[in-house]
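The structure appears below as structure tokens.
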There are 2 protein chains.
Amino acid sequence: MPDDALIDRYAELAVRSGLNLQPGQQLVLTAPLEAAPLVARVAEHAYRAGASLVTPLYNDDAVTLARFRHAPDEAFDVAAGWLYDGTAAAFRGNAARMAIAGDDPALLSGQNPDKVARANRARSRAYKPAMELITSFAINWSIVAYPTRAWARSVFPDLPEDEAVERLWGAILACTRADQPDPVAAWKAHAAELDRRATWLNERRFHSLRYRGPGTDLTLGLADDHEWLSAGGKAQNGVYCLANIPTEEVFTMPHRDRAEGTVRSTKPLSYQGTLIDGIRVRFEGGRIVEARADRGEETLQSLLSTDEGAARLGEVALVPQSSPISQSGLLFNNTLYDENAASHIAVGQAYPSTIRGGATRPAEELAERGMNRSLVHVDWMIGSGEIDVDGVHADGRHEPVMRAGEWAN
Amino acid sequence: MPDDALIDRYAELAVRSGLNLQPGQQLVLTAPLEAAPLVARVAEHAYRAGASLVTPLYNDDAVTLARFRHAPDEAFDVAAGWLYDGTAAAFRGNAARMAIAGDDPALLSGQNPDKVARANRARSRAYKPAMELITSFAINWSIVAYPTRAWARSVFPDLPEDEAVERLWGAILACTRADQPDPVAAWKAHAAELDRRATWLNERRFHSLRYRGPGTDLTLGLADDHEWLSAGGKAQNGVYCLANIPTEEVFTMPHRDRAEGTVRSTKPLSYQGTLIDGIRVRFEGGRIVEARADRGEETLQSLLSTDEGAARLGEVALVPQSSPISQSGLLFNNTLYDENAASHIAVGQAYPSTIRGGATRPAEELAERGMNRSLVHVDWMIGSGEIDVDGVHADGRHEPVMRAGEWAN
Ligand SMILES: [Zn+2]
Ligand SMILES: [Zn+2]
Ligand SMILES: [Zn+2]
Ligand SMILES: [Zn+2]
């Protein structure tokens, strides 16, 4: 483990820059068991910031695995709705939410894919009320990561475990700027730069984006009244938060019905304990009509068939290849990191806030503008140094947005 | 740590004899973070028994301490109602409950007693709906223990920590009979013996009990229609469970308004992180009108003033001095163990099931028979080898129940 002082600074960054936790707020915190040392530091900074109560909810991989190994078949359609409903109630009571990512990316790789799919579906369904409060930014929330041993092993399979953890800690502290003298100030400057990019894109009001590169020729329509955002923004409870640390993306809402062409993933995706790699999909009328993967294809298919919205797009995000995460040259097997290393799209649920005024508009108005709905929201990477992106205006005019994976201007 | 096989047998005992978990039931499991190795074994046996979902909720002492050290004063009237309501919903949906005890008995000893009291009161209030489902045995539940390092240190303050943990493991496995060749069979026989004692007492239908010993001269009225029970019994969901492992007690409901005289505690009590020792109280009309303690008196006073029922009795239990826990000669600083080492009484909430047919009788009928209600239920030990207990019939006749701490017949 790195210096206590560094971990403490990372925890403080998460609470102050990530959550911007307000006096009197409760904090609901999900974390892998192994992250307990970071949870303790986060709790201290949360209480120093005036939190009334910090409640950690730990994920226990051993308990999850025991289920797949020993539970009866009927078990896999059951989820802890009572717990998720409780969490939703906490959010409605203005509790902030922090998620500490870092679970074993391959935890369920060896398990029966049908059971994994059913368990995920049951969980997504039960989690929906809480997830909608999160995706609509009802409250301030943030995701950070902790380098568990299993995660570190998957990132550095050739290193001894202790060294792998050490290296992953180093990458996390560097990518989150927690190793800089004043991380809070560094994030303020970085968030301003992301805002500037979002503002430029919002002024353009592109009708669609055109992606071109090896295996990719995709025209992706943007939702009417779409708004480009960065992870920094004001939640509905009035609190400005940074939903991801690190974050390098600007993102908006694709139009549910307007994606045409083919796209190839540029990094593997870890979905609920299964690695999916080498994804190739074809869109027609916004829907994925053909999907292949070199690895984990069964899991990909079952993800896409979760519900009608799971085969349509809910997010499009642009990230330059020069991002520190991309520059680390690492494949993190973790969405928080990998989605900030490359431009990406997400199938499933869209964020209402990526439509102008969307957080408070009725559902039908959002649907009219092209918003997708689903129980899932899964990001996968389609950017690389070989991808060009054009903005396409309603009149057909093209304008360069990215060239060879970098901002064109 | 002892042999994996022994821990596994202990976990199996908890699931099979303690919970008697039924196929399709969810299991809600609370545990100290350190108990994760036992939680994993319990989860496996729960799934083997047909559990649909095991959800561990971990207590994190570091987070609790961070609150007392850093949270603002207003924080201490807040509790995780959303989580307890969720738990209550799980119980209403027929989830079983296991609690793994073993938290640091002196965790909050150094903290401001007023803040501790306020936090406890807020928690008790928020926890009430869930607690009522537990005390009325709406579902099958059981409590077992795990020897955390802090608990082991408090039991063996003079031993090196590793040795203390080893010794406490030994005591737990012996007292729970998990070190016997067939623990499940051993518990079946032991539960039958406790049932025999309860049946004898139920046939007597005593009006009250009279306790005499050093510092103690107490006449304790029993509730009308009271029923003596052992920890083994059928929950309202029809499942026979053993609520405590280990258990050595038979217990029933005292009459809320009929306790007269003085009583002295015979072992220290650990209440929510504070040790209370040398308790002397005087009852008048069922109410504690005078209370002293050599240590932790402030916490005792604040416990008794939680609400009207907190200064009246909710349970009376008889335990012989020859119980294995008593014979271990250890003071465990943990109610699960210490209450099974000696006869005890509890202030606060009574168990409806300790009145005949009580689990399904309306509240007014229970109140008429003398049932006490409170946000709290706290056991403390009044038995020792120097205590005699008589049963007193309505007509004044006395009959020996215990002599010098042993059953008189
Ligand atoms: Zn994104
Ligand atoms: Zn996303
Ligand atoms: Zn008892
Ligand atoms: Zn009790």
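When segment A:387-409 is filtered for residues that are surrounded by fewer than 17 Cβ atoms within 10 Å (Cβ to Cβ) and aliphatic (A, V, I, L, M), the ones remaining, listed by number, are A:A394, A:A404, A:A408. In summary, helices (runs of 4 or more DSSP H) completely within segment A:144-205 and bearing 3 or more residues that are within 14 Å of A:S328 (Cβ to Cβ) occur at A:161-175.
Of all residues in segment B:58-96 being part of a strand (DSSP E or B) and more than 7 Å from chain A (Cβ to nearest Cβ), which is surrounded by the most Cβ atoms within 10 Å (Cβ to Cβ)?
If we filter segment B:58-96 for residues that are part of a strand (DSSP E or B), which is where we start, we get B:58-59, B:96.
Next cut, more than 7 Å from chain A (Cβ to nearest Cβ) only: B:59, B:96.
Details: B:N59: 19, B:A96: 29.
Per the criteria, the residue is B:A96.
Every residue in segment A:224-244 that is in a loop (DSSP other than H, G, I, E, B) and within 15 Å of ligand 2 (Cβ to nearest atom), please. Matches in segment A:224-244: A:W228, A:A231, A:A243. Picking from residues in segment A:173-193 that are crowded, with 20+ Cβ neighbours inside 10 Å and either touching a Cys at 6+ places or on another chain (Cβ under 9 Å) or of a type in the set (A, V, I, L, M) (or both), the one that is farthest from A:Y240 (Cα to Cα) is A:L173.
If the condition is being under 15 Å from B:A359 (Cβ atoms) and among the small types (G, A, S), then segment B:226-263 contributes B:G233, B:A235, B:G238, B:A243. Scanning segment B:197-206 turns up no residue that is assigned by TED's automatic domain parsing to the domain that holds B:D338, under 22 Å from B:S374 (Cβ atoms) and open to solvent by 10 Å² or more (accessible area, probe 1.4 Å). Exactly one residue out of A:V263, A:V289, A:V281 is more than 14 Å from the chain's Cα centre (by Cα) and farther than 25 Å from A:V401 by Cβ: that is A:V289. Being of a type in the set (S, T, N, Q) and either under 26 Å from A:N333 (Cα atoms) or crowded, with 19+ Cβ neighbours inside 10 Å (or both) is the requirement here; does A:N120 meet it? Answer is yes for this residue.
Can you give me the number of residues within segment B:259-299 that are on the phi > 0 side of the Ramachandran plot and at pLDDT below 95?
Total meeting the criteria: 3.
Restricting segment A:46-57 to residues that are touching a residue at least 24 places away in the same chain (Cβ under 8 Å) and crowded, with 24+ Cβ neighbours inside 10 Å, the residue that is nearest to A:G110 (Cα to Cα) is A:P56. Checking each residue in segment B:310-360 for being of a type in the set (D, E, K, R), at pLDDT 95 or above and open to solvent by less than 10 Å² (accessible area, probe 1.4 Å) picks out only B:E315. Among the residues making up segment B:264-277, those that are within 17 Å of B:A342 (Cα to Cα) and open to solvent by 20 Å² or more (accessible area, probe 1.4 Å) are B:R264, B:T266, B:K267, B:P268, B:S270, B:D277. Please verify whether B:S384 is more than 16 Å from ligand 4 (Cβ to nearest atom), surrounded by 13 or more Cβ atoms within 10 Å (Cβ to Cβ) and in a loop (DSSP other than H, G, I, E, B), treating the condition exactly as stated. Yes, satisfied. Going through segment A:268-302 one residue at a time, which ones are in contact with a Phe, Trp or Tyr (Cβ under 7 Å, 6 or more places away or on another chain) and not hydrophobic (A, V, I, L, M, F, W, C)? Selection gives A:T299 alone.
Look at segment B:320-340: where a residue is more than 17 Å from B:G273 (Cβ to Cβ) and among the small types (G, A, S) and a partner is open to solvent by less than 30 Å² (accessible area, probe 1.4 Å) and away from ligand 3 (no atom under 12 Å from the Cβ), sitting 6+ places away or on another chain with Cβ atoms under 6 Å, you get B:S328/B:A171.
Summed over segment A:1-48, the residues that are among the aliphatic types (A, V, I, L, M), part of a loop (DSSP other than H, G, I, E, B) and touching a strand residue (DSSP E or B) at 6+ places or on another chain (Cβ under 9 Å) give a count of 1. Per the listing B:E284, B:E297, B:E386, the residue uniquely free of Cβ contacts under 8 Å to residues at least 24 places away in the same chain, acidic (D, E), away from ligand 3 (no atom under 16 Å from the Cβ) and in contact with a strand residue (DSSP E or B) (Cβ under 9 Å, 6 or more places away or on another chain) is B:E297.
In the set (1) among the hydroxyl-bearing types (S, T, Y); (2) open to solvent by 10 Å² or more (accessible area, probe 1.4 Å); (3) without any contact (Cβ under 8 Å) to a residue 40 or more places away in the chain, the condition left unmet by B:S109 is number (3). Candidates A:I345, A:I325: the one that is among the β-branched types (V, I, T) and either in contact with a Cys (Cβ under 9 Å, 6 or more places away or on another chain) or within 16 Å of ligand 3 (Cβ to nearest atom) (or both) is A:I325. Being more than 8 Å from every other protein chain (Cβ to nearest Cβ), at pLDDT 95 or above and not in a helix (DSSP H, G or I) is a property that A:A51 lacks.
Quick one: is B:V165 touching a Pro at 6+ places or on another chain (Cβ under 6 Å) and either open to solvent by 20 Å² or more (accessible area, probe 1.4 Å) or not small (G, A, S) (or both)? Spell out the reasoning first.
Details: touching a Pro at 6+ places or on another chain (Cβ under 6 Å): yes; either open to solvent by 20 Å² or more (accessible area, probe 1.4 Å) or not small (G, A, S) (or both): yes.
Yes; evaluated as a whole, the condition is true for this residue.
Quick grid of which residues meet (1) open to solvent by 20 Å² or more (accessible area, probe 1.4 Å); (2) under 26 Å from A:A117 (Cα atoms); (3) away from ligand 1 (no atom under 15 Å from the Cβ):
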site	(1), (2), (3)
A:N237	yes, no, yes
A:Y240	yes, no, yes
A:T247	no, no, no
A:R256	yes, yes, yes
A:T262	yes, yes, yes
A:R280	yes, yes, yes
A:G286	no, yes, yes
A:E290	yes, yes, yes
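Residues that are open to solvent by 10 Å² or more (accessible area, probe 1.4 Å) and of a type in the set (A, V, I, L, M) were ranked within segment B:135-153; the one that is farthest from B:A363 (Cα to Cα) is B:A150. When B:Q25 is tested against (1) within 12 Å of chain A (Cβ to nearest Cβ); (2) polar (S, T, N, Q); (3) in contact with a Pro (Cβ under 8 Å, 6 or more places away or on another chain), exactly one condition is not met: (3).
With respect to A:D338, is the statement that it is among the acidic types (D, E) and more than 16 Å from ligand 2 (Cβ to nearest atom) true? Spell out how you get there, then give the answer.
Working: among the acidic types (D, E): yes; more than 16 Å from ligand 2 (Cβ to nearest atom): no.
The answer is no for A:D338.
Quick grid of which residues meet (1) out of contact with any Asp or Glu (no Cβ under 7 Å at 6 or more places or on another chain); (2) at pLDDT 95 or above:
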residue	(1), (2)
B:K188	yes, no
B:R210	no, yes
B:G213	no, yes
B:D217	yes, yes
B:A223	yes, yes
B:K234	yes, no
B:V239	yes, yes
B:F251	no, yes
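The values are calculated or read from the model by the stated rules, or taken from the named source; none is laboratory data. Given the structure is predicted, the values throughout are model-derived calculations rather than measurements. As a convention, Cβ positions derive from the backbone with ideal geometry for all residues, glycine included, and neighbour counts pool all protein chains shown. When the accessible area is computed, the model is the full protein with side chains, heavy atoms only, and any ligands, DNA or RNA have been set aside. Shrake-Rupley method; radii C 1.70, N 1.55, O 1.52, S 1.80 Å.
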